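The values are calculated or read from the model by the stated rules, or taken from the named source; none is laboratory data. Everything numeric here is computed off the predicted structure, so don't read it as measured data. As a convention, Cβ positions derive from the backbone with ideal geometry for all residues, glycine included, and neighbour counts pool all protein chains shown.
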Amino acid sequence: MFLLQTPAVPELMSSPASLLPLLCQLVDALSEPERRSLVYLCGSLDSEHSPAQARHVMEVAVRGNEQPGQAVKEILVQLRRLDLLRRFYQCGREEVERHRGTHALSAYRVLMVNLSEDLTSEDLNQLKFLLGRVLTQDRLARAKCFLDVITELEKQAEVSNEKVDLLERCLRDIGRVDLAKRVCGLTSRVPVTEHSPTQWQRRAPPEYSIKCARPIHTFSNYSPQIRPMPLLQNCAARPVQQLHIEPSCSNYLEHYRLNTNPRGVCVIIDCVGQDGELLEQTFRGLHFSVVLHRWLSVSDCLSALSVLQQGPLLRDASAFICCVISRGNELHLLATDAYSTGLHLDTLRRMFTSENCPALTGKPKLFFIQRYSVPEYQPGAGRSLSHKEELETDGVHGSGQNLVPTDADVFWSHCWTQESQLQTRGHHSQYLRALMGALHPGHNRKSHLVDLHLRVNAAVCEHNQRNPSEQYHLELKHTLRKNLYLH
């Protein structure tokens, strides 16, 4: 029996007239997702991948390649279209790999295409969520696949073959450590030049900042239709600052071990008389030793925290949690004081860094802040705090979004809403309610803290959608080096 075969195609160094018909046949045989991968593999940042555009991009790439035939073969192999490889070249994958020599395709772009195939739709949604401060909402809404997202990042010079730290961090934060390690392996093969970041800089994990602004749309099916989602709407994530720590890639596979009894110490300072007792019950249920303070002034807050910082409780604890419910402004918590400069938010965090509290070195330090916003204090409007010199830090200025933890093992969750909500009878913080629900001992036993907080974010944004006049704003900043499970 004889098989009818398409004649072998001569190498594409022949006349231009013989090139276009071949490319037309190849492109016409590809599906839309395959054409998208083709356009990207050929080095184009064009988001259009119609048959005509794909043919044009492929023709330009192939004509400019020293091994045009090999380039076409490698593209077919990467697209897993071995049927077309056999049809037009009468060869298989093994032969293409054997004659590969110098790669006709970029190893970086090949990896991005492979990642696109390995990411689930849920992974893609979470990546888009984390990149909300790097890419605009309209660009994220138009991105239908991972390659669309990467293309937009490359256009803004956020990602390239020598700059993949942002991508690596995002993959780790959504739990795809397997893919992050592949990206990490790519950077180890890229030579360091005087114009590229050093290997130390690429591998040192930066802090992450996630902010929730006024919800605009969900990412469900990339549609503006409003519906409950496990991701924030119109949220933001951006790398802020690098840590002075370089854990190995394997550290990301580990988790903090809460193996003491009790598991850690939780201090709760409730200066508005709401939710403190419920928080106490929640963290006692998680086997933490809880200290609850009510109605403290700023100076009393500082005294209580100083006693805890210098006392013996933290020495044997596996973790530390600090919850504060207070009126305040962008930079300060006012506690029960009517007028004062307040307790600086960065001072609160710095009190329990490894430098100022050695007992917590290497241990997770979690901060959950519910702030009820009041106007900025104007000097002269009332009495000044006598402990101002103790509470002010060394030069932290600007808005709250600059209050970034600079040491490792810190998880900073800060929510703020208007003080007028306290006038509502029976008021309870929607943020703290969502937090306590996510931390309930009977829920989400296999979820680490960052994943749990994504659910808190979703609940807060869902509330904002239903109650436009009662908006909550939420930011997350963390320098956790490992996964943290509180259940």
Considering residues that are under 20 Å from Glu34 (Cα atoms), surrounded by fewer than 20 Cβ atoms within 10 Å (Cβ to Cβ) and modelled with pLDDT under 85, the number found within the stretch 99-120 is 1
Residue that is free of Cβ contacts under 8 Å to residues at least 24 places away in the same chain, in contact with a helix residue (DSSP H, G or I) (Cβ under 8 Å, 6 or more places away or on another chain) and surrounded by fewer than 21 Cβ atoms within 10 Å (Cβ to Cβ), where the choices are Arg139, Arg81 | Arg139
Those residues of the stretch 85-99 which are within 39 Å of the chain's Cα centre (by Cα) and among the aliphatic types (A, V, I, L, M), in sequence order = Val96
Contact list, first residue from the stretch 279-301 and within 15 Å of Leu366 (Cα to Cα) and polar (S, T, N, Q), second anywhere and modelled with pLDDT of 95 or more and surrounded by 15 or more Cβ atoms within 10 Å (Cβ to Cβ), beta-carbon distance below 6 Å, six or more apart or interchain, is Ser289/Val265
On the given criteria, is Lys155 out of contact with any helix residue (DSSP H, G or I) (no Cβ under 7 Å at 6 or more places or on another chain), among the charged types (D, E, K, R) and in contact (Cβ under 8 Å) with a residue 60 or more places away in the chain?
-> yes
For Thr341, are the conditions met, namely being assigned by TED's automatic domain parsing to the domain that holds Gln423, surrounded by 15 or more Cβ atoms within 10 Å (Cβ to Cβ), modelled with pLDDT under 95 and closer than 28 Å to His487 by Cα?
-> no
Are any of the residues in the stretch 425-445 more than 18 Å from Leu130 (Cα to Cα), assigned to a loop (DSSP other than H, G, I, E, B), at pLDDT below 85 and within 22 Å of the chain's Cα centre (by Cα)?
-> yes
Output yes when any residue across the stretch 473-480 is surrounded by fewer than 17 Cβ atoms within 10 Å (Cβ to Cβ) and either touching an Asp or Glu at 6+ places or on another chain (Cβ under 9 Å) or in the same structural domain as Lys365 (by TED's automatic domain parsing) (or both), and no when none is.
-> no
When you look at Val134, is it touching a residue at least 60 places away in the same chain (Cβ under 8 Å) and closer than 19 Å to Leu179 by Cβ, yes or no?
-> yes
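So that you can scan it fast, the table gives a plain yes or no per residue for (1) surrounded by fewer than 18 Cβ atoms within 10 Å (Cβ to Cβ); (2) outside the structural domain of Ala408 (by TED's automatic domain parsing); (3) within 25 Å of the chain's Cα centre (by Cα); (4) among the aromatic types (Phe, Trp, Tyr):
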position: Cys323; (1), (2), (3), (4): no, no, yes, no
position: Arg327; (1), (2), (3), (4): no, no, no, no
position: His332; (1), (2), (3), (4): no, no, no, no
position: Arg350; (1), (2), (3), (4): no, no, yes, no
position: Lys365; (1), (2), (3), (4): no, no, yes, no
position: Phe368; (1), (2), (3), (4): no, no, yes, yes
position: Arg371; (1), (2), (3), (4): no, no, yes, no
Give the residue that is modelled with the lowest pLDDT, with candidates limited to residues of the stretch 57-98 that are under 21 Å from Met112 (Cα atoms) and of a type in the set (D, E, K, R).
-> Glu97
